[in-house]
Amino acid sequence: MLKIGLTGGIGSGKSSVSQHFKKWGAHIFDADTVAKNILNNNEIAQNEVISEFGTDVLGANGRIDKSKLSRIVFQDEDNQLTLNTIIHPYVFTEIDKDFDLTLSKGENDIFVVDAALIYESGADTHMDYVIVVTSHLGLRVERVLARGDLSRNEFLKRVELQWSDEEKVQMADFIILNNSSEDNLLEEAKKTYDLLL
């Protein structure tokens, strides 16, 4: 079973590609969702986050408030690195567990780790191949603003803290361009998927 890293900047269309891959038979490990679950449910990880960032990240219920944490973490590279250093080892453990379980079932030929920070976390070194979904910045801004969960400034701040598309593309094994229609993205994704089989 191939282990594939699927990455792309915010608003690139990575999640759409991931959904297509799932439909075609790949097992998807959604690293961003798993990281959120760790923050919500893993007390050891929560305590590490609180000891690093202080009680400013807590909501009224005494639990970590995602929006407060995001505001602090996306202020600068050091804060982001600190959070990632806490959370990534837990995510890597979950990837290994899920990979072994999926392999033992023998139902999938491709195991996809869908993650925004494949390169930044060093996860690329554990993959057979890495696919980068890339798109013009203007289109990414439009998509993110249309979703309504981030302001333009918040989006640009996050882009600034991630590796640039150019850096990722240079290191990628496969590149999926998403500068056109949904149909075109589907076509490009299918071409790449078929190359993996």
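Quick notes on this one:
- Extension gain from Ala146 to Lys66, taking 0.36 nm per residue of separation minus the Cα-Cα distance: 26.7 nm
- Spatial separation of Cα centroids for segment 7-57 and segment 127-182, in angstrom: 16 Å
- The 3J(HN,Hα) values that the Karplus relation (6.51, -1.76, 1.60; θ = phi - 60°) gives for segment 188-197 are, in residue order, 5, 5, 5, 4, 5, 4, 5, 5, 6, 7 Hz. Gly and Pro appear as x.
- Computed helical MRE - 222 nm, the chain, DSSP H runs ≥ 4 contributing -39500 (n - 2.57), nearest 500: -18000 deg cm²/dmol
- Calculated FRET value between Val169 and Thr55, using beta carbons and R₀ = 41 Å, to 0.05: 0.50
- When the pairs Lys3/Lys23; Lys3/Lys190; Lys36/Lys191; Lys14/Lys191; Lys66/Lys168; Lys105/Lys191 are compared against a 23 Å limit on Cα-Cα distance, Lys36/Lys191; Lys66/Lys168; Lys105/Lys191 fall above it.
Coordinate-derived values only; no laboratory data. All of these numbers come straight from a predicted model, not from anything done at the bench. We place every Cβ from the backbone using ideal geometry, glycine too, and count neighbours over all the protein chains shown.
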